[in-house]
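Everything on this sheet refers to the single structure shown next.
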């Protein structure tokens, strides 16, 4: 274990723990009783990934996005996805300038550090696909010219269950660009009482001051990428991924991109838990949110949420069948 200090200095871990604690505490001021949801949103940020929250309307999906965005001293934009939204409404458009006789690129809302794609599955697949390049490469190409987005960059998308009226399922290539898909769930007991007591009724009224700068976020992401993953844990990740490829209930197994996503998420999870090394629990806790949305059943069900549960059951069986590394 002593060699791990070669990867992440002890002072860097101490500073990271303090910064993550500040961010977590700030978000908990508006997100009540959802510590695991907050941590997974932070994991996505640290792993340089994108987050998809799928749940019923009114359970706090957008509030979570605002809470994260307002806790960071970075640029933020929100796009309300609708059936008539065009790709250029998201990425931007080249406009001809009569004065200069040249085309000038007018940036769309995707040119921000934190982009909230609200109800993303209410837009058509063509508009949804406008996010593919920028989520994968951090660039937008218009008329053959590439434009880089701000760093750090994170797409925070919300969607209602796909069998809701007026929704379109996200293409598989789009789903694969999200590091994780999670659910909010209903608040419990006293947590919901606190929400009912709160005076905030509008997202713009969420009063949170930034607690992390752009530089601090970049430093946290760098530390997360250096968290040590021992070979036995890497092999454990590979065995999980390989098991999905031979599972008869899945149409296709997890890709190499999916395996890398699980590794990067586990590194970030270890850091949020105050460690500079990954343990098997970091991996197993993230298998469903990181891999579940990348899989589909050979015999899909008519109910989208039921299919999600069925995929979860199979993944749980796979995890239980594989011995953890010691």
Checklist entry - Full extension from residue 301 to residue 82: what is 0.36 nm times the residue separation minus their Cα-Cα distance, to one decimal in nm? => result 76.2 nm
Next on the checklist: Once you keep just the Cα pairs under 8 angstrom separated by 6 or more residues, what percentage relative contact order results for segment 227-326?
Outcome noted: 34
Checklist outcome for this item: PRE zone check, label point 7 Å out along Cα-to-Cβ of residue 146, amide N under 16 Å, scope segment 96-118, hits none
Checklist entry - Can you give the % of DSSP beta bridges in segment 22-121 that are antiparallel, to the nearest 5? => result 55
Checklist entry - Mean residue ellipticity at 222 nm from the helices of the chain, using -39,500 (n - 2.57) per DSSP H segment of n ≥ 4 over the full residue count, to the nearest 500 deg cm²/dmol? => result -12500 deg cm²/dmol
Checklist entry - Going by average Cβ neighbours within 10 Å, how do the peptides 243-254, 67-78, 20-31 rank, with the highest at the top? => result 67-78, 20-31, 243-254
Checklist entry - Which of the peptides 53-65, 101-113 is most tightly packed, and how do the rest follow, going by the mean number of other Cβ atoms within 10 Å of each residue? => result 53-65, 101-113
Item to check | Net length gained if the chain between residue 207 and residue 260 were fully extended (0.36 nm per residue, minus Cα distance) | outcome: 15.5 nm
Checklist entry - Over the chain, one equal point on each Cα, no solvent: what is log10 I(q)/I(0) by the Debye formula at q = 0.08, 0.10, 0.12 Å⁻¹? => result -0.38, -0.61, -0.88
Checklist entry - Going by how many other Cβ atoms sit within 10 Å of their own, how do 196, 291, 85, 132 line up, fewest first? => result 196, 132, 85, 291
Checklist entry - What nm distance separates the two modelled labels at residue 218 and residue 326, each placed 7 Å from Cα along Cα→Cβ? => result 4.5
Next on the checklist: On the principal axes of its Cα set, how long, how wide and how thick is segment 1-134? Give whole Å, largest value first.
Outcome noted: 62, 39, 24
Checklist entry - Stokes-Einstein D for segment 25-213 at 10 °C, 1.306 mPa s, Kirkwood Rh over Cα pairs, in µm²/s? => result 91
Item to check | Pairwise centroid distance, computed over Cα atoms, of segment 98-116 with segment 237-299, Å | outcome: 37
Checklist outcome for this item: Taking only Cα atoms of segment 181-326, the Rg to Rh ratio with Kirkwood Rh works out at 1.05
Checklist entry - At each listed q (0.14, 0.17 Å⁻¹), what is the log10 of I(q)/I(0) that the Debye formula gives for segment 29-82 modelled as equal alpha-carbon point scatterers? => result -0.38, -0.58
Checklist entry - Given segment 25-213, what percent of its DSSP beta bridges are antiparallel, to the nearest 5? => result 35
Next on the checklist: On a full-extension model of 0.36 nm per residue, what is the gain between residue 17 and residue 231, subtracting their alpha-carbon distance, rounded to one decimal in nm?
Outcome noted: 74.6 nm
Checklist entry - FRET efficiency for residue 317 and residue 139, Cβ-Cβ distance as r, R0 = 51 Å, nearest 0.05? => result 0.80
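Every read-out reported here was derived from the displayed coordinates using simple, explicitly stated rules and does not represent laboratory data. Just so it is clear, the model here is predicted, and its values are computed rather than measured. When we count neighbours, we look across all protein chains shown, and the Cβ atoms used for this are built from the backbone with ideal geometry, even at glycine.
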